[in-house]
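Rule-based calculations on the coordinates, nothing more; no lab input. Everything numeric in this text was worked out from a predicted model, so none of it was measured. Here the Cβ positions follow ideal geometry from the backbone for every residue, glycine too, while neighbour counts run over all protein chains shown.
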There are 2 protein chains.
Amino acid sequence: MNLEEVARLSGVSRSTVSRVINNDPNVREDTRQRVLEVVRRVGYQPNTAARGLAAGHTRILGLVIPMGVSALFADPYFPLLIQGISSACNMHDHSVMLWLADPDYERRTIRQITHNGLIDGVIVASMLMDDPLVQALAEGDLPFVLVGRHPTDNRVSYVDVDNRAAAREAVAHLLRLGYRRIATITGPQNMIAGADRLDGYRAALKDRGLAFDPDLILEGDFTEAGGYAAMQRLLPRRPEAVFVASDMMALGALRALREAACRVPEDVALVGFDDMPFAARADPPLTTVRQPVQRAGAIAAEMLIDLIKHPGQGPRRVILPTELIIRASCDAGPKARKH
Amino acid sequence: MNLEEVARLSGVSRSTVSRVINNDPNVREDTRQRVLEVVRRVGYQPNTAARGLAAGHTRILGLVIPMGVSALFADPYFPLLIQGISSACNMHDHSVMLWLADPDYERRTIRQITHNGLIDGVIVASMLMDDPLVQALAEGDLPFVLVGRHPTDNRVSYVDVDNRAAAREAVAHLLRLGYRRIATITGPQNMIAGADRLDGYRAALKDRGLAFDPDLILEGDFTEAGGYAAMQRLLPRRPEAVFVASDMMALGALRALREAACRVPEDVALVGFDDMPFAARADPPLTTVRQPVQRAGAIAAEMLIDLIKHPGQGPRRVILPTELIIRASCDAGPKARKH
DNA sequence: CTGAAAGCGCTTACAG
DNA sequence: CTGAAAGCGCTTACAG
C-alpha cells in the first residue's frame with residue numbers, strides 16, 4: 001500500500017495525499033477528510049526510507065553509547081537514560097537507532113554513524129575526555145548533543161549536571177557532620193564525570209583549608225566490583241567517611257565493609273552519587289547525590305530535535321539540578337557520637 | 001559525496017561503483033581496486049535511505065521492548081539482552097532501531113513498527129501471554145523472532161529457556177535439601193515466563209506427591225519492590241523456603257527478611273531466577289537459575305538475520321540451557337540442621 | 001487549493 | 001565485465 005494507491009482511492013493526486021500526511025495546511029478541509037478516511041481504512045503507513053530520501057530527514061535520532069566495560073551497562077544509568085530519550089522521541093513522533101559502540105571506534109564505525117544518511121542527528125552518551133566520535137561530530141555538520149559536558153570544545157551542545165558542585169556539596173556535608181578523614185573512590189579519570197567529581201571532592205576539602213591525602217583517593221571504574229576492590233584497599237587506611245563517585249560503586253564498598261565487619265555509618269560513613277533506584281534500598285540506605293538521569297535523556301532528545309529543526313543555531317547547554325539525599329549511611333558524625 | 005561522484009572520480013559508471021560497494025563478484029579486480037581506492041580516499045558512505053528504497057532492505061533490525069512497568073527496565077535483564085542483540089548486529093553489519101513500547105499499543109504504533117518500510121525484521125522481547133503486536137506480526141509478513149516462547153501460535157520463531165523445567169529443578173533442589181513448606185513468589189501471570197515458572201514450581205511439588213498450598217503462592221511483578229511486598233505478606237505464613245521467580249524480586253525478599261530479622265538460609269531459604277550479576281554479591285549470595293540472557297539476544301538477532309535472508313522458511317526455535325547455581329541462600333535444610 | 005514533474009541516491013535486471 | 005536506464009516511494013518547488 002503506497003501513496004499512489006491512496007491517491008487513486010481518494011481520487012486526488014499523490015501530491016495532495018502527501019500534503020495531508022504531512023499536515024500541510026494548504027488542503028481543502030473536505031479533501032483532507034476524504035484522504036484521511038482512505039488512509040485509515042487501508043491502514044496506509046508512509047515508507048520511511050522513501051520519505052527520508054525525498055525529504056532529506058527521517059525523524060530518526062541516533063543514540064550512541066560508548067561502552068568500554070560491558071559491566072558498566074549493568075548500571076541502571078543507561079536504561080534510565082534510554083527511557084528518557086525514548087519517551088521524548090515517542091512524544092515528538094521520532095524514532096531512535098541505537099549503537100552500543102566500543103570507544104575504540106574504527107574510523108569506519110564513525111563514518112557509519114555520521115554519514116549514513118538516515119538519522120537526522122545523534123545523541124552521544126559521552127563520557128570520555130577524548131571521544132573521537134565527538135570530535136568527528138564537531139567537525140561535521142550533523143546535529144548532535146552530548147549527555148555529559150564537553151571538557152574543551154565550547155561549540156558543542158549538551159545536557160549535564162554540575163558534577164563538581166554536587167560532589168563538593170556531598171563532601172561538605174560530611175565535613176559539616178564532623179568527619180575529617182574523608183576518602184574518595186573515584187570514577188575513571190578518563191571520564192569527564194569521574195574527573196569532575198574528584199575535583200569537587202578536592203574543592204570541598206580546600207574550602208575548609210584541609211590538605212588532601214593522596215592515600216585516601218582510590219580510582220574505581222564505576223562498577224560494583226570496582227567499588228568493592230577500592231574499599232578493600234582503603235580499609236587499612238582507616239577513613240572515617242568515604243565519598244563514592246557512584247551508587248553502583250557504593251554498593252561494592254558496602255559489600256567490602258560488610259565482609260570486614262565494619263558498621264556503616266558507625267565505623268565508616270558513606271555517600272554515593274546518582275540516587276539510583278537501589279540506593280534507597282541498600283543496607284543501610286545510601287546518602288547520595290540525586291541526578292535526574294531520565295530527565296536528562298528526555299531533554300537531550302528534545303534539544304536535538306530542536307537543533308535539527310533550527311539548524312545553524314548556537315550551541316545549547318542545560319545544567320540540571322542535583323540534590324543531596326540524606327539517608328542512613330552517614331550520621332551525626334564521629335565527634336558528635338563521642339558525647 | 002554520493003555514488004555519482006565516486007563514479008566520476010573512478011572513471012566508471014554508477015552501476016560499477018554500486019557493485020563494488022556491494023561486493024558483487026562480477027567486477028574486474030583492477031576496477032574494484034580503483035574504485036575502492038576512491039571510496040577510501042573520499043570517505044564515501046552509501047546513503048542508507050536510498051539504499052533501502054532501491055534494494056528493498058536496509059540491514060536494520062527493529063527491537064521492541066514492551067514495557068508496562070517502567071521499573072521493570074531497571075532489571076539488568078534488558079541491558080544484557082540489548083547488549084547481546086547489539087553485538088550480534090555489529091558482527092553481521094546490521095543496525096538496530098529501538099522501541100520501548102507500552103504494551104497497550106495503539107493500533108498506530110503497531111502499524112508504525114510493522115509497516116514503516118525501513119526495518120527488515122523485528123525482535124520482540126515478548127513477555128505477555130497476549131501481545132497484540134505479536135499477533136499483528138504473525139498475520140503480516142515481516143520476519144520476526146521473539147525472545148520468549150509463544151504460548152499458542154506454533155508458527156512463530158523464538159529463542160527461550162525452558163522456564164518450567166528450570167523452575168522445577170530449582171524447587172526439586174529445595175525438596176532434596178529437606179525443605180517441605182516451600183512458598184513461591186511468582187512473576188506476573190500474564191507474562192509467559194511468570195506463568196511457566198509457577199508451573200515448574202507446581203510440577204516439582206507434584207513429583208514428590210506434595211499438595212500445593214495456595215497460601216504459599218504470592219504473585220509478584222518481577223520488581224524489587226514487588227518481591228519485598230510479597231515476602232512481607234508471606235512471612236506470617238512461616239515458609240521454610242521460597243522459590244522467587246526472579247533475582248530482582250529475590251533482592252526485595254532478602255530486604256524484607258532482613259528487616260524482619262529473619263536469617264537466610266537458617267530461618268528461610270531462598271532460590272532466585274536469572275543469575276543476574278548482583279545475585280552472586282547479594283547477602284547472602286543467591287542460589288539461582290542461570291539463564292544466558294546475552295546469548296539469547298545474540299541468537300535472536302542471528303536467527304532473525306537468517307530468517308530475512310531465507311524468507312518463507314519454517315519457524316525456528318532455540319531453547320537455551322539453564323543451570324542451577326548453588327550459593328549460600330539455601331543450605332543443608334531444616335532436617336539436616338536438627339542433627 | 002491542486003496536480004504534473006523533477007529529483008532524492010541508490011540497486012538491478014537488461015543488453016551488450 | 002560494464003553501462004544506460006528504469007524504478008524504489010516519497011516530497012516539493014512550480015505553475016496554474
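Quick one: Cα centre-to-centre distance for region B:275-291 and region B:1-66, in angstrom?
48 Å
Between beta-carbons, use under 9 Å as the cut-off and find the net charge around B:Gly43, counting Lys and Arg +1, Asp and Glu -1.
Surrounding charge for B:Gly43 is +4.
I need the Kirkwood Rh of region B:170-240: take the reciprocal of the average 1/r across all distinct C-alpha pairs and report it in angstrom.
Computed over Cα pairs of region B:170-240, the Kirkwood hydrodynamic radius comes out at 12.5 Å.
How many percent of Cα pairs in the protein assembly as shown exceed 43 Å?
The answer is 32 percent, as a whole percent.
Just tell me which aspartates and glutamates come within less than 17 Å, Cα to Cα, of B:Lys309; anything on the same chain fewer than 8 places away is out.
Qualifying aspartates and glutamates at Cα under 17 Å: B:Asp24, B:Asp93, B:Asp120, B:Asp141.
Taking region B:3-46, how much of its Cα-Cα pair set, in percent, is spaced more than 16 angstrom apart?
Tail fraction, whole percent: 17.
So for chain A, averaging the separation of alpha carbon pairs under 8 Å that are six or more residues apart and normalising by length, what relative contact order in percent results?
17 percent
Along Cα→Cβ at 7 Å, what distances in nm separate the B:Ile217 label point from those on the other copies, shortest first?
5.9
Mind listing the Cα extents of region B:228-339 along all three principal axes, in Å, largest one first?
Principal-axis extents of the Cα atoms in region B:228-339, largest first: 60, 31, 24 Å.
Where the convex hull is taken over the Cα atoms of chain A, what is its projected area averaged over directions, in nm²? Could the numbers behind the result be given before it?
Numbers: hull surface 82.8 nm².
Its average projected convex-hull area is 20.7 nm².
Using a 10 Å cut-off around each Cβ of peptide A:74-84, what is the average number of partner chain Cβ atoms that fall inside?
Per-residue shielding by partner chains comes out at 4.
For A:Lys206, which aspartates and glutamates qualify as cross-link partners when the Cα separation must be under 19 Å and same-chain residues fewer than eight apart are set aside?
Result set, ordered by chain and number: A:Asp162, A:Glu169, A:Asp196, A:Asp215, A:Glu240.
Assume the label is 7 Å from Cα along Cα to beta carbon: what separations in nm does A:Arg237 have to the matching positions in the other copies?
Output for A:Arg237: 5.0 nm, nearest copy listed first.
So the label point sits 7 Å from Cα along the Cα-to-Cβ vector; using that for A:Ala138, what distances do you get to the other copies, in nanometres, sorted shortest first?
Here the equivalent label points are 5.3 nm apart from this one.
Per residue of A:281-288, count partner chain C-beta atoms within 10 Å of its C-beta, then hand back the mean as an integer. Kindly include the intermediate steps, with their values, before the conclusion.
Values: counts 7, 1, 5, 0, 0, 0, 0, 0.
Going residue by residue through A:281-288 and averaging, the value is 2.
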